């Protein structure tokens, strides 16, 4: 089976812009979670989607949003980008029957 | 509030030695404890995981030891190899959702 794929892999944006990141889960996985990884804060949970519904949300401002499509693919959006949003954004997918989460390679976002 | 504390931050081991990384948690609702391995430029890869009803789980050279009363768990890497050099993260997840809480990570270096 193909793993979790994320596009794009690298992105450079300017402060104030918005960005959309995409994630395709492992085939058959219906839960998709997003995490932010930074050197200072480590890995932090953003949100989790199942069946096109956000089930859980982490402690991030409303500028961070996401959605899931009927084919389980997911997107996350960050509006009004700030320098502190520079990070590796990771997507993970899971089967409902297990707690195992499998991560994609991430999207490296740089905000200048 | 750091709910999962990981130590040490960095670890240097000789080839063939045993690498030990420790984690402690506070939230008694945590019900699933995975370990992830991350190489530079890659997403975290699930190594091994344990549930609290088991005190030890072994997969190849990797063993998790779990102490429920002390709220601690550890990863042991036997016969450490240079290819094991990576950052290791412990994590915990409550039974009620898919929100992984991560430790800060341990940078393992295995010298040849």
Problem set entry | Test: residue in the range B:34-46 that is without any contact (Cβ under 8 Å) to a residue 24 or more places away in the chain and in a strand (DSSP E or B) | yes
For this session: Look at residue A:11 and say whether it is surrounded by 15 or more Cβ atoms within 10 Å (Cβ to Cβ), more than 11 Å from every other protein chain (Cβ to nearest Cβ), closer than 25 Å to residue B:39 by Cβ and modelled with pLDDT of 95 or more.
Result: yes
For this session: Within the range A:88-111, identify whether any single residue is more than 14 Å from every other protein chain (Cβ to nearest Cβ) and in a loop (DSSP other than H, G, I, E, B), and answer yes or no.
Result: no
Problem set entry | Residues located in the range B:3-53, provided they are exposed (fewer than 13 other Cβ atoms within 10 Å of the Cβ), within 11 Å of chain A (Cβ to nearest Cβ) and closer than 15 Å to residue B:92 by Cα | B:51
For this session: Kindly establish whether residue A:46 is more than 11 Å from chain B (Cβ to nearest Cβ), in a strand (DSSP E or B) and closer than 28 Å to residue B:106 by Cβ.
Result: no
Exercise. For the range B:62-80, how many residues are over 22 Å from residue A:99 (Cα atoms) and out of contact with any strand residue (DSSP E or B) (no Cβ under 6 Å at 6 or more places or on another chain)?
Worked result: 4
Problem set entry | Condition broken by residue B:79, with the remaining ones in (1) surrounded by fewer than 16 Cβ atoms within 10 Å (Cβ to Cβ); (2) within 14 Å of chain A (Cβ to nearest Cβ); (3) assigned to a loop (DSSP other than H, G, I, E, B) satisfied | (2)
Exercise. Do the conditions hold for residue A:75, that is, is it within 13 Å of residue A:20 (Cβ to Cβ) and either surrounded by fewer than 18 Cβ atoms within 10 Å (Cβ to Cβ) or touching a residue at least 24 places away in the same chain (Cβ under 8 Å) (or both)?
Worked result: yes
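Looking only at the range B:100-112, which residues are assigned to a loop (DSSP other than H, G, I, E, B) and either crowded, with 21+ Cβ neighbours inside 10 Å or more than 8 Å from chain A (Cβ to nearest Cβ) (or both)?
B:100, B:103, B:105, B:112
The values are calculated or read from the model by the stated rules, or taken from the named source; none is laboratory data. Since the structure is predicted, the reported quantities are computational estimates derived from the model, not experimental observations. Don't worry about glycine lacking a Cβ; one is built from the backbone with ideal geometry, like all the others, and counts go over all protein chains shown.
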